[in-house]
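Reading through the structure tokens given below for one structure.
The values are calculated or read from the model by the stated rules, or taken from the named source; none is laboratory data. Every value quoted in this text rests on a predicted model; they were computed, and no experiment measured them. Here Cβ is always computed from backbone atoms with ideal geometry, including for glycine, and neighbour counts include all displayed protein chains. Side chains included, ligands, DNA and RNA excluded: accessible areas come from the protein's heavy atoms. Shrake-Rupley method; radii C 1.70, N 1.55, O 1.52, S 1.80 Å.
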Amino acid sequence: MKNGVVASPDNKFYKLLKKLDKKKYRDENNIFKTEGEKFLNENINFNKIIIKESKYDYFIEKYGIDKYSNVTVLKDNLFDEISDQENSQGIVFLYSRNLNSIEDIDGDVVVLDDIQDPGNLGTIMRTMEAANFKNLILTKGSADVYNPKTVRATMGGIFNLNIIYETPENIIGFLKEKNYLIITTALHKDSISYENINRKSKNAYIFGNEGGGVSEYFIENSDIKSIIPIYGNIESLNVSVAAGIFLYKMREKQEEKCLK
């Protein structure tokens, strides 16, 4: 195995791995990377496994990693350069991006309007998976779901979502054409408590930018403007926290309706 270890920083594949930290190269190659031993236990097809040389024997003994034909071993110093974790477990995976078309959407949808923080985005995606919401549409100015920080924050949820990037105009056009109930979360004079929302058969829940909230365009084109009540002396909630509270309340409402 030692003869197959990548040791040179001039290696073509190693150079590609380094580039995948940038969105441009993830888009060009239609792949992204994620890191951690847990992904060996996920039933998801990966393109490639990259292992730190000093961890190779561990993965042989615990997982029989030599049964895979698509494994590359890197010298420790090179692996450390492609890892984005301080205490890496010594294994990285490459996956194909799972972007969809807006026409693939069926059922309730979460819309994120200009979300910028990769950690917030990843946390929302993790919550969506936990609450069983499968459709995510982001405006084209939003953070990249395949940013390593985002992927890590999803805790594997990224693999189970339909993900679409679109313009606000195309998003609203699609939702109206398909008869969605469009609900924005916004501090607005006409906003109602999320407790009082009456869901329909198809619902779209729109959450906004960390600093500016949901844009006026989405607010003007929504059917319902809604707020989560705040009981203390604070102006607003972090968007990932707000999305989590809101989506679980909507899931609770759906479950209650099913029991009636």
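Brief remarks on what is shown
- Segment 199-225 and segment 68-143 have Cα centres spaced 23 Å apart.
- Heavy-atom SASA rank of 124, 44 (probe 1.4 Å, accessible area, largest first): 44, 124
- Residues with amide H under 5 Å from that of residue 143, placed H, sequence gap 5 or more: 115, 116
- Portion, in percent, of the accessible area of the chain that falls on carbon or sulfur, probe 1.4 Å: 44 percent
- In summary, the aspartates and glutamates within cross-link reach of residue 176, defined as a Cα separation below 20 angstrom excluding same-chain residues under 8 places away, comprise 103, 104, 106, 108, 113, 166, 216, 220, 223.
- Interchain or long-range residues, amide H under 5 Å from residue 185's placed H: 206, 226
- A 1.4 Å probe, protein heavy atoms only, puts the accessible area of residue 155 near 90 Å².
- Dipole in debye (nearest 20) - segment 1-113, about Cα centre, beta carbon charges: Lys, Arg +1; Asp, Glu -1: 620 debye
- Heavy atoms of residue 201: accessible area, 1.4 Å probe, square angstrom to 10: 110 Å²
- Amide H contacts of residue 203 (H built 1.01 Å from N, in plane; Pro and chain starts excluded): 108, 109, 181 sit under 5 Å, all sequence-distant by 5 or more or on other chains.
- Unit charges at the beta carbon, dipole of the chain: most positive-side option, 7, 157, 224: 7
- Surface per residue (accessible, 1.4 Å probe) for the chain, Å²: 51 Å²
- Debye intensity ratio I(q)/I(0), log10, segment 20-73, q values 0.21 Å⁻¹ (C-alpha model): -0.87
- Using the Karplus relation 6.51 cos²θ - 1.76 cosθ + 1.60 with θ = phi - 60°, the per-residue 3J(HN,Hα) values for segment 38-48 come to 4, 6, 5, 9, 8, 8, 10, 6, 10, 7, 7 Hz, with x marking Gly and Pro.
- For segment 118-260, the dipole from Cβ point charges (+1 on Lys and Arg, -1 on Asp and Glu) about the Cα centre works out to 460 debye, to the nearest 20.
- The 1.4 Å probe gives accessible areas that order 256, 129, largest first, as 256, 129.
- Computed with a 1.4 Å probe on the full set of protein chains, the accessible area for residue 15 sits at about 100 Å².
- Size of charge dipole - the chain - debye, nearest 20, with Cβ of Lys, Arg +1 and Asp, Glu -1, no other charges: 520 debye
- Across segment 198-214, rounded Karplus estimates of 3J(HN,Hα) from the backbone phi angles (6.51 cos²θ - 1.76 cosθ + 1.60, θ = phi - 60°) give 9, 5, 10, 5, 10, 10, 10, 10, 10, 10, x, 4, 4, x, x, x, 6 Hz, Gly and Pro being marked x.
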